[in-house]
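The values are calculated or read from the model by the stated rules, or taken from the named source; none is laboratory data. Note that the coordinates shown come from a computational prediction; the quantities given were computed from them, not determined experimentally. Glycine gets a Cβ as well: all are built from the backbone with ideal geometry, and neighbour counts include every protein chain shown. The area values use the complete protein model at the heavy-atom level, side chains included, leaving out ligands, DNA and RNA. Shrake-Rupley method; radii C 1.70, N 1.55, O 1.52, S 1.80 Å.
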Amino acid sequence: MIKVCPSSNPCKEEDLLQYAKELEALGVEYLHSDVMDGQFVANKCLDFEVLKNVRDNSNILLDIHLMAYNVFDVCKKYAELKPNIITFHYEALKSERELFKTIKYLKSKDILVGLAIKPNTPIEIVERLTNYIDLLLIMSVEPGKSGQKFIDDVYNKIDVARKLVANKDIIIEVDGGINENNFEKVVSLGGRFLVMGSAFYNAKNKAELLKKIDRHYAK
Ligand code: DX5
Ligand code: ZN
């Protein structure tokens, strides 16, 4: 099943609730919510209260992507929003202990556990973790901002990831630079959740774009 997950990042924080409602009306299931701490990545965005406002005033499901250090504490905080998915970065972890403590905590809250890796992080690190995670987020740009170009080397990584998680119940999500010209390739290699920031936000006709993608893949 292919899902388009529009990201919060290109949208101004003050307009996010309105955007979430627009997405809901379009039948979009997940808002990919990009949280940045200003340290793990240079930008800082998506304050807890902004996302809480979306949570309290819309029905869109939250797919939270934390680009932040202090993984356990930040996960615990955002878990209060009862999102469906919380994804944290492998590169942001302090220790193995923090990794497993975070996984255990999220599972105890019935939140799907996502692990994100940056473009230069080898996919092989995920191999030993496939029994513990529900989602693997493969970054196809350097995390930090929307509107960047998809890094071509990542195609191969998606292909390797698909083989690595074969027969496991793990969603492969791909994030960064996805648009109407490259989504088919991402899907053919194994991408299932397609994060779309600027390509979706700036689409002249969002309904048409969704239809175009749906036409390829019956839900
Ligand atoms: C980048 C974020 C992405 C971003 C995607 O750090 O994680 O989710 O918003 O935006 P586009 O699709 O424009 O690359
Ligand atoms: Zn993201």
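Some values worked out for this structure:
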{"quantity": "Residue among 172, 158 that alone is over 26 Å from residue 69 (Cβ atoms) and touching a helix residue (DSSP H, G or I) at 6+ places or on another chain (Cβ under 9 Å)", "calculated": "158"}
{"quantity": "Qualifying residue in segment 34-43 (condition: in contact (Cβ under 8 Å) with a residue 24 or more places away in the chain and under 22 Å from residue 183 (Cα atoms))", "calculated": "yes"}
{"quantity": "For residue 197: the one exception among (1) surrounded by fewer than 22 Cβ atoms within 10 Å (Cβ to Cβ); (2) in contact with a strand residue (DSSP E or B) (Cβ under 9 Å, 6 or more places away or on another chain)", "calculated": "(1)"}
{"quantity": "Residue check for residue 109: within 16 Å of ligand 1 (Cβ to nearest atom), open to solvent by 20 Å² or more (accessible area, probe 1.4 Å) and touching a residue at least 24 places away in the same chain (Cβ under 8 Å)", "calculated": "no"}
{"quantity": "Flag for residue 161 being open to solvent by less than 70 Å² (accessible area, probe 1.4 Å), over 15 Å from the mean Cα position of the chain (by Cα), away from ligand 2 (no atom under 16 Å from the Cβ) and at pLDDT below 95", "calculated": "no"}
{"quantity": "In segment 82-104, the residues that are among the aliphatic types (A, V, I, L, M) and either over 23 Å from residue 30 (Cα atoms) or over 18 Å from the mean Cα position of the chain (by Cα) (or both)", "calculated": "92, 93, 99"}
{"quantity": "Which listed residue, of 197, 177, is touching a Ser or Thr at 6+ places or on another chain (Cβ under 8 Å), among the small types (Gly, Ala, Ser) and on the phi > 0 side of the Ramachandran plot", "calculated": "177"}
{"quantity": "Verdict on residue 58 being polar (S, T, N, Q), surrounded by 16 or more Cβ atoms within 10 Å (Cβ to Cβ) and either under 14 Å from the mean Cα position of the chain (by Cα) or within 13 Å of ligand 1 (Cβ to nearest atom) (or both)", "calculated": "no"}
{"quantity": "Residue tally, condition surrounded by fewer than 20 Cβ atoms within 10 Å (Cβ to Cβ) and either hydroxyl-bearing (Ser, Thr, Tyr) or away from ligand 2 (no atom under 16 Å from the Cβ) (or both), over segment 177-192", "calculated": "8"}
{"quantity": "Breaking point among (1) farther than 20 Å from residue 190 by Cα; (2) not in a loop (DSSP other than H, G, I, E, B), for residue 160", "calculated": "(1)"}
{"quantity": "Options 195, 141, 174; residue that is within 11 Å of ligand 2 (Cβ to nearest atom), assigned to a loop (DSSP other than H, G, I, E, B) and among the β-branched types (Val, Ile, Thr)", "calculated": "141"}
{"quantity": "Top-ranked residue of segment 114-128 - restricted to ones that are within 19 Å of residue 192 (Cα to Cα) and more than 16 Å from ligand 2 (Cβ to nearest atom), ranked as surrounded by the fewest Cβ atoms within 10 Å (Cβ to Cβ)", "calculated": "127"}
{"quantity": "Test for residue 149: is it within 17 Å of residue 33 (Cα to Cα) and either open to solvent by 30 Å² or more (accessible area, probe 1.4 Å) or within 15 Å of ligand 2 (Cβ to nearest atom) (or both)", "calculated": "no"}
{"quantity": "One residue from 26, 46, 93, 16 being open to solvent by 10 Å² or more (accessible area, probe 1.4 Å) and within 30 Å of residue 204 (Cβ to Cβ)", "calculated": "26"}
